[in-house]
1. Examine the range 113-132 for a residue that is more than 16 Å from the chain's Cα centre (by Cα) and open to solvent by 50 Å² or more (accessible area, probe 1.4 Å), and state whether such a residue exists.
2. Would it be correct to say that LYS106 is at pLDDT below 70 and open to solvent by 50 Å² or more (accessible area, probe 1.4 Å)?
3. Out of the residues in the range 255-266 that are more than 17 Å from LEU124 (Cβ to Cβ) and assigned to a helix (DSSP H, G or I), which is most open to solvent (accessible area, probe 1.4 Å)?
4. For the range 191-245, how many residues are basic (Lys, Arg), outside any loop (DSSP other than H, G, I, E, B) and open to solvent by less than 50 Å² (accessible area, probe 1.4 Å)?
5. Picking from GLY163, GLY175, which residue would you name as being crowded, with 19+ Cβ neighbours inside 10 Å, touching a Phe, Trp or Tyr at 6+ places or on another chain (Cβ under 6 Å) and either in contact (Cβ under 8 Å) with a residue 24 or more places away in the chain or among the basic types (Lys, Arg) (or both)?
6. I'm checking my understanding of the structure. Among residues of the range 178-190 that are among the hydrophobic types (A, V, I, L, M, F, W, C) and open to solvent by 50 Å² or more (accessible area, probe 1.4 Å), which one is nearest to VAL273 (Cα to Cα)?
Amino acid sequence: MGFFMGISGFVGSVLCTSVINPHNAKPEDIDGVSIFTDETVVGNIRNIWLAWAGATFIMFLPGIFILRPPTTDEVCKQADLLAGDSMESVELLPRPKIQGPNFSIKQLFSQPRFYVLYLIIMILSLVLLTSTELYKFIAIDTIKDDAFLNIVGAAGSIANAFGRITWGLILDKIGTRTTYTLAFMIQGPLTISLHYSKVLRWGYLANLCIVSFCAGIFTCIAPACIELFGSRDISLKYALTLSAESFGCVMFFLLQLGEPMFGELIFLVVMGVPSIIASLLALFCFRSPKEMSYEVMN
């Protein structure tokens, strides 16, 4: 599912640019700022937003007819399977062995690592929004080619989709601490370097793809919750942790308001440096699966 969430940006980038700017109109420099003044581009912006709103509404409609409460027979069958009274239940739903912590929601709030992970997800949302929302604004003054920047956005979406798969595989092999440390340590400096790589269009494309690939660590939030806090009430744990993204979005848009005042480089530094801090937090605050297993055994 994470892969398709990432790849959806490819469809959106290609479709939006082909509708908004079909003739690849060039931006004009007005008071040192690159702005699209072409009437076709300006006129199509409203249309594409209305189209996306309608498409989103239509996509949610099937849920009204597909989703329903379970029937009594389905509830009873599931209860029999979970009770473990038959050979079928043993084969289909083997009882897992607890090899790590298994905190309740109440215990979760007493764990310092929960707040560390919460802060890390907030920081991740800053980088994710920078790479997906601002990639055109960052480079439009040097790469005055909307069609090429469309390719940059599409390539970044593909990189993010494969990053979600890759980081999931890496986390399964080496654990949360090393995976998060590696991903954030790479994406932090490369977020800042977007300011410099934009002078070379292909360098900027490669830079954004790597940042987007690292932002694919987003898909590892649920596995990290299970490893750090246990699978008990995992849906609620995941929802609580994911709520950090909302606060990250608010921070991003507030910081974005100061970008004209402080300049693009300072803005990217503010976006990138927290990722380096998040990398160090993951390294020193999270523990490896072996260490957690040893703690449980003792």
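The values are calculated or read from the model by the stated rules, or taken from the named source; none is laboratory data. Keep in mind that what you see is a predicted model, and the values were worked out from it rather than measured. Positions of Cβ are generated from backbone atoms using ideal geometry, with glycine treated the same way; all protein chains shown enter the neighbour counts. We work out accessible area using only protein heavy atoms, side chains counted, and drop any ligands, DNA or RNA first. Shrake-Rupley method; radii C 1.70, N 1.55, O 1.52, S 1.80 Å.
1. There is at least one residue in the range 113-132 that is more than 16 Å from the chain's Cα centre (by Cα) and open to solvent by 50 Å² or more (accessible area, probe 1.4 Å).
2. No.
3. For the range 255-266, the residue satisfying everything is MET261.
4. 1
5. GLY163 is the lone residue from the list that is crowded, with 19+ Cβ neighbours inside 10 Å, touching a Phe, Trp or Tyr at 6+ places or on another chain (Cβ under 6 Å) and either in contact (Cβ under 8 Å) with a residue 24 or more places away in the chain or among the basic types (Lys, Arg) (or both).
6. That would be MET185.
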